[in-house]
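**Student:** To start, I am sharing the structure in question, which I have written as structure tokens.
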Amino acid sequence: MNRPIKKVAIFCFALFAVLFLDGNWIQVVKAGSYSAHADNYRNTIYNYEVDRGSIFVGSTAVASSTPTKDSQMKYQRVYSSGAQYAPITGYFSSNYGSANLEQLENSLLDGKDTRLATQNFLRKAEGKDQAGGSVVTTINAAAQAAAYNNLVSTISSAGGVGTGAVAAINPKTGAILALASAPSYDPNQLASSSSKVQNSYATQLADNSLQPELDQALNETYPPGSTFKIVTSATALTNGINGQSITPTSAITGAPLTTLNLPQSTSTLTNSGGETCQSNELEVAFAQSCNTVYGYVGMQVGETELQSMAEAFGFNKTGPTVPMQASTSVFPPATLSQAQLAQSAIGQYNVTMTPLQGAMLASAVANGGVIEAPYLIAKELDTNGNVIASASPSQLYDPISSTVAGELGTMMQDVVSSGTATSLENIGVSVAAKTGTAQRGANQNAVAWMVAYAPANDPTIAVAVMVADNGVQNNDTFGNSLAGPIAAAVIKADLGLN
């Protein structure tokens, strides 16, 4: 071989070597990153070639896949009662990804979960499409419908310019029975086979100042108002006041009935409507939601003990994972003045909580002082519907003793029988509750709260309802009138009393 031919041969060999190395670099080393790239449309096509598993409420699929005639998108994701279950299912969209259970349970739903490997291998051998497993939630369909429909109705009748949420759990297990948010959105629009429909709806959601995609029950915090008096009461009953133990019938010596002058401040604390409290006994002040007595109690128990108790209930801790991550409820961790402490003790100043945290407050009292970890997934199923995983209850917090829980339970029953929660009387079951009417900033109506559990003697549901609506008159914005009827409807639906 003469020298020129030899040089050409070496050059060609080098080109083939470079081509070989580059091909392996792309197909092996970089394959994962290219495959996962957002602009790789083949991933979208692949996702819609899978017979994606369902999300169940009881035996009803609230998210499922149906075959289409589209050559690229073989399956269409469909959401029954879409807006009602949107905070639970989320959405599965070719343009906007996924959210909530659709996202967090994706590997099971799309069949990539290793527990489904054998079944999908056999399906492939039989010439069938890959299939996903399914998720069975803990949701009670009747309770969820009552929660969502009554939220929408209440907000609509008040002018439709507000938000609301319901969180309900079984206090004995932590199973979430209802998780509703209003306003909500229709995940079917985001799962449409038409990009034009998806984009138009996404723009509509983005332009809505009420943020329909925001899960108000898990991810938004509001001042809890007088529902926080559960925590303040727990602090006083656990630690006493000024070295003296107290009971629910103890008179809080020095607590004013009409106006509390806040130390080192020109401000005062008064009761709703300027009312005079009937008594400074703890249980009477709790039933009547007496701000002046409870502001005074907060100052007497002290910031350290009140903050410690709030944190024992879950404030200032990362919110529970259900599996969606709940936001953190907050009790101000900085050093508080006496005026700020008094306001914090009645759920004002910078105290905020999620509706889920409100349900956990009620749950602690209902469950003898123990808060079970909230969870949303009851079972996971394989492609044939067989159970491959089941949830089991686990303790999250134990903020109070069973004795204090019993005392608080009696006080919460008094709120219904002789206090501010009259909307929960005579619904066919005994209820323990606490109302809240939390003041907000200028040009905003108060936030209406109701936290409750039932049956009072053997609780199986603990519920928190929050309504923040600027459409109602200020004198109509109360926990009992706005949130109470919704709580009553959810309790009745869950217990089958309708």
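**Student:** By how many degrees, between 0 and 90 and to the nearest 10, does the Cα long axis of helix 229-239 differ from the longest principal axis of the chain?
**Tutor:** 70
**Student:** Using the Karplus curve 6.51 cos²θ - 1.76 cosθ + 1.60 with θ = phi - 60°, work out ³J(HN,Hα) for each residue of region 306-323 in order, rounded to whole Hz, and write x for Gly and Pro.
**Tutor:** Each residue's phi maps through the Karplus curve to give 5, 5, 4, 5, 4, 5, 5, 7, x, 5, 6, 10, 4, x, x, 9, 10, x Hz.
**Student:** Rounded, prolate or oblate: which fits region 206-305, taking a ≥ b ≥ c as square roots of the Cα gyration tensor eigenvalues, rounded meaning a/c under 1.5, else prolate when a/b beats b/c?
**Tutor:** Details: a/c = 2.28, a/b = 1.81, b/c = 1.26.
Here region 206-305 falls in the prolate category.
**Student:** Another question, if that's okay. In percent, how large is the relative contact order of region 386-498, given Cα pairs closer than 8 Å and 6 or more residues apart?
**Tutor:** Averaging sequence separation for qualifying contacts and normalising by length gives 22 percent for region 386-498.
**Student:** Mind checking the angle between helix 141-157 and the chain's longest principal axis? C-alpha axes, 0 to 90 degrees, to the nearest 10.
**Tutor:** Between helix and principal axis, roughly 70 degrees.
**Student:** Under a Cβ-Cβ cut-off of 15 Å, what is the net charge of the residues other than residue 316 that fall near it, where Lys and Arg count +1 and Asp and Glu count -1? Spell out each step's value before the answer.
**Tutor:** Numbers: positive: 317; negative: 303, 305, 311.
Once all neighbours under 15 Å are counted, the net charge is -2.
**Student:** Just tell me which lysines come within less than 28 Å, Cα to Cα, of residue 124; anything on the same chain fewer than 8 places away is out.
**Tutor:** 30, 69, 74, 112, 379
**Student:** Take the solvent-accessible surface of the protein heavy atoms, probe 1.4 Å, and return the percent of it on the chain that carbon and sulfur atoms account for.
**Tutor:** C and S atoms contribute 50 percent here.
**Student:** So what are the radius of gyration and Dmax for the Cα set of region 328-421, in Å?
**Tutor:** 18.3, 62
**Student:** Suppose a student asked you for the relative contact order of region 309-462, using Cα pairs under 8 Å spaced at least 6 residues apart; what percent would you report?
**Tutor:** 19
**Student:** Given 411, 250, 73, which one lies farthest toward the positive end of the charge dipole of the chain, if we put +1 on the Cβ of every Lys and Arg and -1 on the Cβ of every Asp and Glu?
**Tutor:** Ranked along the dipole, the leading option is 73.
**Student:** Relative contact order, percent, of the chain when contacts are C-alpha pairs under 8 Å separated by at least 6 residues?
**Tutor:** Rounded, it is 17 percent for the chain.
**Student:** Longest exposed-loop-site-free stretch of the chain, with trypsin sites (Lys or Arg not before Pro), DSSP loop and at most 12 other Cβ within 10 Å? Can you show the working numbers first?
**Tutor:** Working: sites that count: 30, 69, 128.
Here the longest segment lacking exposed loop sites spans 129-498.
**Student:** Do any GluC sites (Glu not before Pro) in region 89-172 lie in a loop, going by DSSP, with at most 15 other beta-carbon atoms within 10 Å of their beta carbon, and if so which?
**Tutor:** Values: sites: 102, 105, 126; in loops: 105, 126.
Here the sparse-neighbourhood loop sites are 126.
**Student:** Now for a separate question. Which is farthest toward the positive dipole end of the chain among 219, 142, 351, measuring Cα position about the Cα centre, with Cβ charges +1 (Lys, Arg) and -1 (Asp, Glu)?
**Tutor:** Result: 219.
**Student:** Still on this model: In the chain, how does Rg compare with the Kirkwood Rh, expressed as the Rg/Rh ratio over alpha carbon atoms?
**Tutor:** On the Cα set of the chain, Rg over Rh gives 1.12.
**Student:** Tilt of helix 195-206 relative to the longest C-alpha principal axis of the chain, in degrees (0 to 90, nearest 10)?
**Tutor:** That works out to roughly 20 degrees.
The values are calculated or read from the model by the stated rules, or taken from the named source; none is laboratory data. All values derive from a computational prediction rather than experimental measurement. We place every Cβ from the backbone using ideal geometry, glycine too, and count neighbours over all the protein chains shown. For the accessible areas, the whole protein counts, side chains as well, though only heavy atoms, and no ligand, DNA or RNA atoms are used. Shrake-Rupley method; radii C 1.70, N 1.55, O 1.52, S 1.80 Å.
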